[in-house]
1. Considering every residue within the stretch 138-161, establish whether at least one is within 20 Å of Gly294 (Cβ to Cβ) and touching a Cys at 6+ places or on another chain (Cβ under 9 Å).
2. Any idea which of (1) over 26 Å from the mean Cα position of the chain (by Cα); (2) modelled with pLDDT of 90 or more; (3) not in a strand (DSSP E or B) is the one Gln151 doesn't satisfy?
3. Would you list the helices (runs of 4 or more DSSP H) that sit entirely within the stretch 219-330 and hold 3 or more residues that are closer than 30 Å to Glu180 by Cα and at pLDDT below 60?
4. Any idea how many residues of the stretch 215-227 are open to solvent by less than 30 Å² (accessible area, probe 1.4 Å) and over 18 Å from Ala94 (Cα atoms)?
5. Just to be sure I understand, how many residues within the stretch 197-215 are closer than 12 Å to Arg140 by Cα and not in a helix (DSSP H, G or I)?
Amino acid sequence: MKRVSALVSYSSSDEESGNGDPSSAPPRETQRQKRCVRPGFPSSNKVTSFSRKLPPLSGTIVTPPPVDDPALHQGRIRTTPHVEGQWAAHVYVAVKLVEGSPLCKLVRTVLDDSKEMVPTLQEISQLDDGRRELHISLSRPIFLRAHQREQLKAAVRNVAREHPPFHVSFASFSELFNDENTRTFLAVEVGAGHHGCERLSDSLSPTLDSIRQKGYYENPRFHASIAWALLTRSSHLVNRDLQSIDELKDGQHFRTIDSLPKDLLSSLNEKYRIPLVSSKTGTFEVADIYVKIGKEVSRFGLKGEMLPLLPLCRWLMWSFLQVNFPSYAF
């Protein structure tokens, strides 16, 4: 006897629709497939796929690129073009301006006198939350990729662990310019505490080198800027085919200067240098180091061992010499 196969052949749905004849079943077409028949050519069974275009994303989803509008920033221009995924950062120590303190009163008086001679000066010490403090930079502007942010924070944290707190005081008023020569700054230069700032800044150099950023200046002049003004016809503006900031769009006009008047600096130092270096104004303890990345500010306390009498004695000696022998170059 022959063994009967247990497999049974069933007809497909296509065969059923075509009365069992496969050749009578119409070809299937999906929503995305259509027969392509070119004029002058015989019909072909080849199926060509067509994809629908996706609608544009809503403006609420796509973040528009930042617009460099100097009119929103007192005429300041972005000196480094915006790059998506890049973060601006800098490292500094802070001196708080306590309301009613001798230093706070002195800074206000100096600003009032300076604005009488240079009305375009803009104050720097006012923070967004209403607090007032002076920043002593330990780095140039730094530009980070997203994955480098934690690396910089870790480096600043390690520097803080290795260095003790120290004291700073201010010595004189001076004028400094930014690297692009777009702004001039009225600043107070650090006297006592200069070496402490330099040690912190030098400790950051290996990390900055590893992320291909410039270290601080070779012969640093540590300072705190208290006001700024726009400069005319800087090289940066010439490259942008602008003769001055006065030509900004929307009819906005911002007055510019070539530099601070020499009479201003000599007058400030003559009138306010002795109060600036006096024991009444005092020294200021640097117990923290700050790093600002974008709008985020992180603070790390200096943890190294400190000999508090040594920097204080140095400052008292230096202050005595400055007051009694102001013409001597220290």
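1. Within the stretch 138-161, one or more residues are within 20 Å of Gly294 (Cβ to Cβ) and touching a Cys at 6+ places or on another chain (Cβ under 9 Å).
2. (1)
3. Fully inside the stretch 219-330 and qualifying: 235-239.
4. Summing the residues that are open to solvent by less than 30 Å² (accessible area, probe 1.4 Å) and over 18 Å from Ala94 (Cα atoms) in the stretch 215-227 gives 1.
5. Number of matching residues: 3.
The values are calculated or read from the model by the stated rules, or taken from the named source; none is laboratory data. Because the structure is a prediction, the values reported are computed rather than measured. FYI the Cβ positions are ideal-geometry reconstructions off the backbone, even for glycines, and counts take in every protein chain you see. Please note that ligands, DNA and RNA were not included when accessible areas were found on the heavy atoms of the full protein model with its side chains. Shrake-Rupley method; radii C 1.70, N 1.55, O 1.52, S 1.80 Å.
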